[in-house]
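Okay, so here's the structure we're looking at.
What follows is calculated from the coordinates using simple rules that are stated; it is not laboratory data. All of these numbers come straight from a predicted model, not from anything done at the bench. We place every Cβ from the backbone using ideal geometry, glycine too, and count neighbours over all the protein chains shown.
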Amino acid sequence: MLGDIPRALWYEATARDPLPRQPEHELVMNDAGTVSDYTSCGTEGGALFGPYLYNAAQVSARVRTGDLVLDLGCGSGQLLNLIARWNPATRFRGIDLAPNMLAEGRAAAAAAGLSNVDFVEGDFSTLDGIADGSVDAVISSMALHHLPDRGALTRCFDAIGRVLRPGGALYLMDFGRLRSDRSLEIFVAKVAVSETKALTQDYRASLHAAFTPGDFQTEIARLSRRNVAFYRTPLAPLAMVAATPARNMVPGGNALFHQAVRRLSRTRRAELAQLRMFLGLGGLRFPR
Ligand SMILES: C[S@@+](CC[C@H](N)C(=O)[O-])C[C@H]1O[C@@H](n2cnc3c(N)ncnc32)[C@H](O)[C@@H]1O
């Protein structure tokens with residue numbers, strides 16, 4: 001008998017087409033309850049904190065002193081504030097359409113005494129109001145699947161190409177759309193074992209709303225930046241990344257990452273190690 005995960009991978013390998021896309025019901029996450037539930041998942045020990053550490057390490061290996069870094073769909077800024085703390089000589093700007101999310105981000109940055117990060121209201125599918133070539137790096141985590149449709153993804157990549165200076169850095173991470181409902185429910189059931197109903201439902205909705213690896217690859221090709229590559233977890237595209245090459249983290253960055261990892265529970269550490277391993281198998285090197 002196959003175990004759950006090999007069975008899910010078998011379903012993925014044998015299904016022909018990606019599932020039809022079901023956009024998120026709440027594209028902009030401004031409801032007070034949603035903001036509070038989502039933010040609690042990203043605190044130390046929460047389900048999102050491991051992926052935040054992973055993304056913080058990857059972003060820290062792509063930004064430089066003095067850069068202006070734009071985070072698309074920053075939510076309540078937990079990832080952005082973490083990266084800003086690790087990279088005090090770099091400036092960070094989070095953009096989101098949810099004022100309640102932005103307020104959380106600002107409050108947390110002020111409480112942590114961070115002066116190199118700010119949060120502005122704006123639409124990441126157009127990036128209106130951001131000057132051409134004015135940004136040194138564009139990053140995003142688990143947000144692009146909140147776009148309403150495929151055309152909005154094209155507009156978003158066009159906007160990225162417009163605001164990102166030539167040679168600028170990119171790190172976009174999101175879920176990828178699966179091919180089989182049966183595999184999707186197996187992955188969701190794994191989450192349901194240890195997480196809240198709200199987070200489990202959020203994860204299911206995210207997987208249904210995700211764009212496909214082909215969508216990402218098409219947009220990366222249209223972006224016409226020679227140094228942007230596509231990575232995905234093999235067999236099932238649970239995570240996908242579009243990124244420019246990594247350097248090493250800023251001096252001390254690696255130590256901050258390992259300190260934070262040591263504070264994780266054994267389960268959260270294992271989840272982080274899995275993300276690192278599966279994206280590594282997909283070719284994305286983890287920075288030093
Ligand atoms: C799932 S959250 C991700 C938050 C954060 N990046 C993280 O890694 O936890 C997606 C965020 O994208 C925001 N969002 C959705 N559509 C947007 C748009 N067109 N422009 C700006 N923000 C948007 C939502 O309000 C929400 O805060």
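Expressed to the nearest 5 percent, the antiparallel share of DSSP beta bridges inside the range 172-288 is 90 percent. For the range 248-288, the Kirkwood estimate of hydrodynamic radius, built from reciprocal distances between every pair of different alpha carbons, is 11.1 Å.
So what's the projected area for the chain, the Cα convex hull averaged over all directions, in nm²?
14.1
Along its three principal directions, the equivalent ellipsoid of the range 160-288 from the Cα gyration tensor extends over semi-axes of 26, 23, 12 Å, largest first.
For the chain, modelled as a GNM with alpha-carbon contacts under 10 angstrom, which of Asn116, Asn227, Asn30 fluctuates the most? For the chain, modelled as a Gaussian network with Cα springs under 10 Å, the answer is Asn227.
Comparing Ser194, Ser60, Ser180 in a Gaussian network model of the chain (Cα springs below 10 Å), the most mobile by mean-square fluctuation is Ser194. Normalised Debye scattering of the range 10-98 at q = 0.15, 0.17 Å⁻¹ gives log10 I(q)/I(0) of -0.72, -0.84, counting only Cα atoms as equal scatterers and leaving out solvent. Counted residue by residue at 0.36 nm each, then reduced by the alpha carbon distance between them, the extension gain from Arg285 to Ala255 reaches 9.0 nm. Multiplying the residue separation of Met277 and Arg226 by 0.36 nm and subtracting their alpha-carbon distance yields 15.8 nm.
Counting neighbouring Cβ atoms within 10 Å and putting the fewest first, the residues Tyr171, Tyr231 line up as Tyr231, Tyr171.
Each 10 Å bin from zero holds the following percent of Cα-Cα pairs in the range 218-288: 18, 38, 34, 9, 0. Simple spin-label estimate for His25 and Ser115 gives 4.5 nm between the two label positions (7 Å along the Cα-to-Cβ direction from each Cα). For Arg85 and Ser36, the FRET efficiency from 1/(1 + (r/R0)^6), where r spans their Cβ atoms and R0 equals 25 Å, is about 0.65.
Our estimate of slack between Glu185 and Arg7, defined as 0.36 nm per intervening residue step minus the Cα-Cα distance, is 62.9 nm.
Going from the residue with the fewest nearby Cβ atoms within 10 Å to the one with the most, Arg93, Arg226 rank Arg226, Arg93.
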